[in-house]
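We did not get these values from a lab; they are worked out from the coordinates using the rules stated. Since the structure is predicted, the reported quantities are computational estimates derived from the model, not experimental observations. Because the Cβ atoms are built from the backbone with ideal geometry, glycine has one as well, and the counts that use them run over all protein chains shown.
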Amino acid sequence: MFLVRLIYASSVKSDFDKTVVESILEASRRNNIKANITGMLYFNNNYFLQCLEGSRSSVNETYNKILTDERHHQVTAIEYREISSREFEDWSMGYVPSRGASTAALLKFSVHKEFNPYLMSGESAHNLLCALKADLPSF
Ligand code: FAD
């Protein structure tokens, strides 16, 4: 069984309660540890950008749960590929909130200063998440 990486974008609904992010992270970390999934979630109050790394079956199973989660919508895979090693091996789900990403970091990997993951290539989204991980605590 080899490793894969999935990166997807999603949007919050108009009635989204931001305090729910904590319970999403709690469930993610609990489940991901059991499934040997690692990754990172960036949330900017409008959009989620998440990377999941692990076995193909574990990543697919988790993504299927995420796809049907009513707390977000417009879930769009922007990269899915086999990888030889993980980038987020220290994080069952690292989290970077909006304030954690500088405008310069966003502009480096995007056409606009405003974060819009739907307009990013898989490679740019991956590079942004890798750049942001430098400031993450381990979990
Ligand atoms: P529980 O621990 O039983 O639920 C946790 C809390 O979330 C409870 O309050 C429950 O009522 C509520 N909840 C659970 N599912 C839903 C739902 N579909 N709609 C509304 N409320 C719900 N899961 C992972 O395992 N790994 C991840 O990396 C991951 N990342 C996510 C990223 C985002 C942006 C979102 C929105 C969800 C993510 N999830 C992730 C959650 C996933 O969609 C499932 O909700 C979760 O895997 C269910 O796990 P559980 O059965 O242990 O939930």
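Count neighbours as other Cβ atoms within 10 Å of each site's Cβ, and list the GluC sites (Glu not before Pro) in segment 58-120 that are DSSP loop with at most 11 such neighbours.
Taking segment 58-120 and a limit of 11 other Cβ atoms within 10 Å, the loop GluC sites (Glu not before Pro) found are GLU70, GLU89.
Tell me which trypsin sites (Lys or Arg not before Pro) from segment 78-119 have a DSSP coil assignment and no more than 12 other beta carbons within 10 Å of their own.
Here the sparse-neighbourhood loop sites are LYS113.
Among THR68, THR76, THR38, THR62, which comes first, second and so on when ranked by fewest other beta-carbon atoms within 10 Å? Intermediate results must be reported in sequence, preceding the final value.
Working: THR68 7, THR76 11, THR38 23, THR62 20.
Going from least to most buried by this count: THR68, THR76, THR62, THR38.
Going by how many other beta carbons lie within 10 Å of each one, how would you line up PHE88, PHE16, fewest first?
PHE16, PHE88
When a footprinting reagent is the concern and you count Cβ atoms within 10 Å, what order do CYS130, CYS51 take, fewest first?
Lowest count first: CYS130, CYS51.
Please report how far the C-alpha centroid of segment 1-73 lies from that of segment 78-137, rounded to the nearest whole angstrom.
14
Could you work out the helix-only [θ] at 222 nm for the chain, with each DSSP H run of four or more residues adding -39,500 (n - 2.57) and the total divided by the number of residues, to the nearest 500 deg cm²/dmol?
Computed mean residue ellipticity for the chain: -10000 deg cm²/dmol.
Within straight cross-link reach of LYS133, meaning Cα distance under 16 Å, which lysines are found once same-chain residues fewer than 8 apart are removed?
LYS108
What number comes out for the charge environment of LYS65, summing +1 per Lys or Arg and -1 per Asp or Glu over other residues with Cβ under 15 Å away? Please list the in-between numbers first.
Details: positive: ARG29, ARG30, LYS34, ARG71; negative: GLU26, GLU61, ASP69, GLU70.
It works out to a net charge of 0.
Cut-off under 19 Å on the C-alpha distance; same-chain residues fewer than 8 positions from LYS13 excluded. Which lysines are left, in chain and number order?
The reachable lysines, counting only those whose Cα sits under 19 Å from LYS13, are LYS65.
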